[in-house]
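S.K.: Sharing a structure, written as structure tokens. Questions coming.
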Amino acid sequence: MRGGGHFSGRLTAPLCVAGGIAKQILARRGIYVGAHLDSVGTAADEHFPLYPTAELFEEIAAKPFPVLDDVSGARMQDAILAAKNAQDSVGGVIECAAVGLPAGLGDPMFDGVENRLAAALFGIPAVKGVEFGDAFCEAALRGSQNNDPFVIEDGRVRTKTNNAGGILGGITTGMPIVLRADVKPTPSIGRPQETVSISKLESTELTIHGRHDPCIAHRAVPVVEAVTATVLLDLLLEGDHGTF
Ligand SMILES: Cc1cc2nc3c(=O)[nH]c(=O)nc-3n(C[C@H](O)[C@H](O)[C@H](O)COP(=O)(O)O)c2cc1C
């Protein structure tokens, strides 16, 4: 129970180990996975471009704070420090992309790429929502706005936009996979909180002591990347997609 047990951020270390190995195996096949912090509180970074590159992923990974736009990154850090100073916490969103995947990976029903990724991503403590492509914005659009028009470019089938996040019917389209994971504000905050005493069956107050992250989101960026890489490698190994 001490240190949060199953829900501790520490348990994400083995996920990162597995993901680091998966990423190296995927890279041999020209498949690259990268992530950045998309927002913290109301401070937002840019989204990934239509075709993120391995170089862009490396550039972000080399930064002390994993964002595309450093000015937005500074705003996010301000939001984290403001929450910390208020003995509070703040949540965030992580955007992850995978490029170089073949079209046709996945399954139309329960073993779809979305299903498999979501099942694993929800295993990361504090992840409370996962969207593929522009899922939650799509609801406000019409089909004509949301459909990704198909085009032939350099002899390959592509789409002009990627609102679907590279997945249709649970199956990869060959466009980059794009997903976003919501990370809730850290529950262990310095402020006194309302709770109950189970032994006395009455209301009481809880003050949590010790070190706490005022934000988990920036620390979970490599975890989302690692989990995504691991699941994609699993899917490739299960299918008839050549040797690894
Ligand atoms: C990198 C990382 C760091 C975390 N740090 C904290 C922390 O400092 N305090 C805390 O209460 N929870 C922390 N958590 C755990 C979650 O916030 C969460 O409390 C727990 O998993 C509850 O379940 P949930 O997944 O439904 O949100 C951390 C999780 C991760 C991934």
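S.K.: Quick one: which strands (runs of 3 or more DSSP E) sit completely within the stretch 116-202 and have at least 1 residues that are surrounded by 14 or more Cβ atoms within 10 Å (Cβ to Cβ) and of a type outside the set (G, A, S)?
M.R.: 127-132, 156-159, 177-183
S.K.: Which of (1) among the aliphatic types (A, V, I, L, M); (2) closer than 21 Å to I31 by Cβ; (3) out of contact with any strand residue (DSSP E or B) (no Cβ under 8 Å at 6 or more places or on another chain); (4) touching a residue at least 24 places away in the same chain (Cβ under 8 Å) does L168 not meet, given it meets every other one?
M.R.: (4)
S.K.: P214 fails exactly one of the following numbered conditions: (1) out of contact with any strand residue (DSSP E or B) (no Cβ under 7 Å at 6 or more places or on another chain); (2) near the ligand (Cβ under 9 Å from one of its atoms); (3) farther than 17 Å from N85 by Cα. What is the number of that condition?
M.R.: The number of the failed condition is (3).
S.K.: Please go through the stretch 26-42 and pick out each residue that is surrounded by 15 or more Cβ atoms within 10 Å (Cβ to Cβ) and among the hydrophobic types (A, V, I, L, M, F, W, C).
M.R.: Listed by number, the residues that qualify are L26, I31, V33, A35, L37, V40.
S.K.: A further question on this structure: Conditions first: (1) touching a residue at least 12 places away in the same chain (Cβ under 8 Å); (2) away from the ligand (no atom under 13 Å from the Cβ). G91 passes all but one, so which condition is the exception?
M.R.: For G91, the exception is condition (2).
S.K.: Another question about this same structure. What's the total number of residues in the stretch 205-220 that are surrounded by 10 or more Cβ atoms within 10 Å (Cβ to Cβ) and either over 19 Å from V90 (Cβ atoms) or of a type outside the set (A, V, I, L, M) (or both)?
M.R.: Within the stretch 205-220, residues that are surrounded by 10 or more Cβ atoms within 10 Å (Cβ to Cβ) and either over 19 Å from V90 (Cβ atoms) or of a type outside the set (A, V, I, L, M) (or both) number 8.
S.K.: Looking at the stretch 109-127, I want the residues that are under 15 Å from G166 (Cα atoms) and have a partner that is among the aromatic types (F, W, Y) and more than 13 Å from the ligand (Cβ to nearest atom) with Cβ atoms under 8 Å, at least 6 apart or on another chain. Which pairs are those?
M.R.: E114/F132; L117/F132
S.K.: Then there is this: Within the stretch 101-115, how many residues turn out to be surrounded by fewer than 17 Cβ atoms within 10 Å (Cβ to Cβ) and in a loop (DSSP other than H, G, I, E, B)?
M.R.: Number satisfying all stated conditions: 8.
S.K.: Residue pairs, Cβ under 6 Å, 6 or more apart or interchain, first in the stretch 173-193 and away from the ligand (no atom under 11 Å from the Cβ), second outside any loop (DSSP other than H, G, I, E, B) and of a type in the set (S, T, N, Q). List them.
M.R.: M175/T159
Since every read-out is calculated from the coordinates, none of them should be taken as a lab result. Since the structure is predicted, the reported quantities are computational estimates derived from the model, not experimental observations. Ideal geometry is used to build each Cβ from the backbone, glycine not excepted, and the neighbour counts take in all protein chains shown.
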